[in-house]
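Asker: Pasting a structure here, questions to come.
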Amino acid sequence: MSSFIGEISSRSDFALWAIQRAQEIVTAEGAAFAMAARDMNDEALVETAAALGKAISDAMLEVFDGLTIE
């Protein structure tokens with residue numbers, strides 16, 4: 001997982017961080033979610049959807065925490 005704190009000093013740094021963080025989320029949780037959907041596995045869909053949502057929420061909190069430290 002990328003660390004937000006201490007890395008972002010400009011708008012372009014933030015954009016780069018956001019792209020990298022989105023790629024990490026899609027690679028890990030998004031792929032599992034897509035595979036569960038392909039397999040039509042309802043239990044796995046619920047679990048992977050929750051993991052995807054948590055990863056997105058965690059990334060948003062990471063940004064918020066990084067912005068409020070200053």
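The values are calculated or read from the model by the stated rules, or taken from the named source; none is laboratory data. Treat the numbers as computed from the prediction; the structure is a model and nothing was measured. Methodologically, a virtual Cβ is constructed for each residue, glycine included, from the backbone with ideal geometry; neighbour enumeration extends over all protein chains shown.
Asker: For the range 13-54, what are the residues that are among the acidic types (Asp, Glu) and surrounded by 13 or more Cβ atoms within 10 Å (Cβ to Cβ)? Step through it out loud before you land on a result.
Answerer: In the first step, residues of the range 13-54 are kept if they are among the acidic types (Asp, Glu); the result is 13, 24, 29, 39, 42-43, 47.
Result: Glu24, Glu29, Glu47.
Asker: Can I ask one more? Give Ser10, Ser57 a once-over and let me know the one that is loosely packed, with under 11 Cβ neighbours inside 10 Å and at pLDDT below 85.
Answerer: Numbers: Ser57 fails: at pLDDT below 85.
Result: Ser10 is the single residue among Ser10, Ser57 that is loosely packed, with under 11 Cβ neighbours inside 10 Å and at pLDDT below 85.
Asker: Just one of Phe4, Phe33, Phe64 is aromatic (Phe, Trp, Tyr) and at pLDDT 90 or above; which is it? Please lay out each step first, then the result.
Answerer: Working: Phe4 fails: at pLDDT 90 or above; Phe64 fails: at pLDDT 90 or above.
Going through Phe4, Phe33, Phe64 in turn, the sole match is Phe33.
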